[in-house]
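Trainee: Handing you this structure, nothing more for now.
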Amino acid sequence: MTKSPVARLRSERGVTTAEYAVATAAGCGFAGVLIGLLTSDWAQELLKMLFDLILKAIGIG
């Protein structure tokens, strides 16, 4: 026996909100890791090297 569309909609109330909460938490976690990585000395040296290579490739640096 299948549920009526109304019963199905009522039983899934809040699912969208929970999905937004999970996506927001994942985004915040990723941002924290990215900030930690980009503020490290290793990452800053890597970014500087990449920018220098790009500038040399286009003839500015």
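The values are calculated or read from the model by the stated rules, or taken from the named source; none is laboratory data. Keep in mind that this is a model prediction, so the values were computed, not measured. In this analysis, Cβ positions are derived from the backbone assuming ideal geometry, glycine residues included, and neighbour counts consider all displayed protein chains.
Trainee: Condition first: farther than 27 Å from residue 60 by Cβ and aromatic (Phe, Trp, Tyr). Now tell me which residues in segment 20-50 satisfy that.
Mentor: 20, 30
Trainee: Now for a different question. Kindly check whether there is at least one residue in segment 37-47 that is surrounded by 10 or more Cβ atoms within 10 Å (Cβ to Cβ), in a helix (DSSP H, G or I), modelled with pLDDT of 90 or more and aromatic (Phe, Trp, Tyr).
Mentor: Checked segment 37-47: no residue is surrounded by 10 or more Cβ atoms within 10 Å (Cβ to Cβ), in a helix (DSSP H, G or I), modelled with pLDDT of 90 or more and aromatic (Phe, Trp, Tyr).
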